[in-house]
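What follows is one structure encoded as structure tokens, with my remarks underneath.
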Amino acid sequence: MNNCLILKGDICHTPVLGEIETLENGYVISVDGICRGVFSELPEEYRGLPVKEFPDALIMPGMSDLHTHASQFAYRGMGMDEELLDWLENWAFPEECKFADPAYTEKAYGLFAESMRKSATTRALIFATIHREATLALMEKLEDTGIVSYVGKVNMNRNSPDSLNEGSTEEAVKNTELWVKEALAKKFDHTFPIITPRFIPTCTDDLLQELGRVAREHHLPVQSHLSENPEEGEWVLELMPDISFYGEGYEKYGLFGKDVPTVMAHCIYSNPEEVELMRKNGVFIAHCPNSNMNIRSGIAPVRKYLQKEMRIGLGTDVAGGMSLSMFRAITDTIQMSKLYWRLIDQEAKALTFAEAFYLATKGGGAFFGKVGSFEPGYAFDAVVISDRRFTTLRKLTLKQRLEQAVNLGLDLNCLIAKYAEGRECLCIPDKA
Ligand code: GUN
Ligand code: FE
């Protein structure tokens, strides 16, 4: 059988929110990049085919990072004493200016792509900068990692430093359409453009309107930021006096899920109308707990979004977030939900490990289609993690091993293999 991949090891996934399924020493099978399921015995038709054995290693679905900034990777773990608007001015914008320089771009995006390759992430939605050429260079590098990604050339034409201001709406749109054309002409196999207005404060109304048109014309998805910080929210309502809530500013221009798939990062201060519109339009929420702590944004009501069966996944939001680790995002999601319950709303039960793991895999994976689970018919995205060093002291169940591996952050130093759509992104079995 061509294009068949069989992995053997200790398998974990969450087909249902809040329920981890495990199988020790089991098989998970991919044919043409599509999962055929999890098996305790190798089915007849696959006997005799090569099996990649990962004894005692954890095999789990790949992680979907629904929100991160490649262009801020260089200063991750620094400069987190300010709130959003000052932080953008003092940290994000000065760094992003540097991507006008091809030599800097080459180095900075090279480091980002290498870290992505070595992470447990198999799918990602990524912000670049306003620079067309740098964004194409990032896409080339991401294509090479094997992961599936959507990459956005950022749009900004107001309230931005001169060197990050795209100028007139006409110029910004021309540049963006040229980038879309060039990106599509590259015919990447698994790297795609996504329309990326940075957020309402940096985009004029006519630019937002044009971006809505471009997204519709090319059937491209949209990513942006929403209701992240109280001052930001007030500013948006001043800038657009005719709207009654932040999300309406995107909705008005076809950038809020109804016309094209849309991901909004944060959604901490969304009012009931905004929440209802997101639910109705199927907008994906990228919950970014590490960033929300670092730049003191707040705590998003994740339990409420789950109860309303909204679409939600996790994001690392580097460099508001300090790490590309999606394991860290899972841990932070749980911890933040505990504080939310204790300090804000005792009706909002804290998230369990199984729920947060689901968000990082199948929850966010849903943006890409059938992704983030080993159920038959799902895209075969898998990571293999060795937890050998940590299991010797006591006998743990497979569920306990998974929880410990995630909370100890083993994704960034114990990853031994990674597959996206059945494609090998990395395989270093000796590391186990
Ligand atoms: N809002 C607008 N731009 C940004 C950014 O770069 N990071 C975060 N966290 N929020 C934003
Ligand atoms: Fe962000």
For this session: Compare the peptides 328-335, 400-407, 145-152 by average per-residue count of other Cβ atoms within 10 angstrom and give them in order, highest first.
Result: 145-152, 328-335, 400-407
For this session: Inverting the mean 1/r over all pairs of different Cα atoms, compute the Kirkwood radius of the chain and quote it in Å.
Result: 21.8 Å
For this session: Could you tell me what percent of the DSSP beta bridges with both partners in the chain are antiparallel, to the nearest 5?
Result: 45 percent
Problem set entry | For region 201-209, Karplus couplings with θ = phi - 60° (6.51, -1.76, 1.60), whole Hz, Gly/Pro x | x, 9, 10, 5, 4, 5, 5, 4, 4
Exercise. What residue among LEU415, LEU138, LEU237 shows peak mean-square fluctuation when the chain is described by a Gaussian network model with Cα springs under 10 Å?
Worked result: LEU237
Exercise. Taking region 130-268 as the region of interest, what is the percent of Cα-Cα pairs per 5 angstrom bin, listed from the shortest bin to the one with the maximum distance?
Worked result: 2, 11, 21, 22, 21, 14, 7, 3, 1
For this session: Express the accessible area of the chain per residue in Å², computed with a 1.4 Å probe while the remaining protein chains stay in the model.
Result: 39 Å²
For this session: Would you work out what percent of the accessible area of the chain, with all protein chains in place, is carbon or sulfur (probe 1.4 Å)?
Result: 49 percent
Exercise. When you count, for each residue, the other Cβ atoms within 10 Å and take the mean per peptide, how do 43-53, 103-113 rank with the highest first?
Worked result: 103-113, 43-53
For this session: Run through the DSSP bridge list for region 1-138 and note the antiparallel percent, rounded to the nearest 5.
Result: 60 percent
Problem set entry | Computed E for ASN2/LYS349 - FRET, C-beta separation, R0 51 angstrom, nearest 0.05 | 0.60
Exercise. Most fluctuating residue of GLU171, GLU228, GLU95 in a GNM of the chain with Cα springs under 10 Å: which is it?
Worked result: GLU171
For this session: Report, by chain and number, residues whose modeled amide H sits under 5 Å from the one on MET156, excluding near sequence neighbours (fewer than 5 apart, same chain).
Result: GLU166
Seminar exercise, completed: Volume per residue (Å³) of the convex hull spanned by the alpha carbons of region 130-173 is 75 Å³
For this session: Please find, in a Gaussian network model of the chain (springs between Cα atoms separated by less than 10 Å), the residue of SER227, SER337, SER160 whose mean-square fluctuation is greatest.
Result: SER160
For this session: Please express the Cα-Cα pair-distance distribution P(r) of region 225-340 as a list of whole percents, one per 10 Å bin, running from 0 to the bin with the greatest distance.
Result: 14, 46, 33, 6, 0
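The values are calculated or read from the model by the stated rules, or taken from the named source; none is laboratory data. Just so it is clear, the model here is predicted, and its values are computed rather than measured. Heads up, the Cβs are rebuilt from the backbone with ideal geometry, glycines too, and the neighbour counts pull from every protein chain shown. Calculation scope for accessible area: heavy atoms of the full protein, side chains included, ligands and nucleic acids excluded. Shrake-Rupley method; radii C 1.70, N 1.55, O 1.52, S 1.80 Å.
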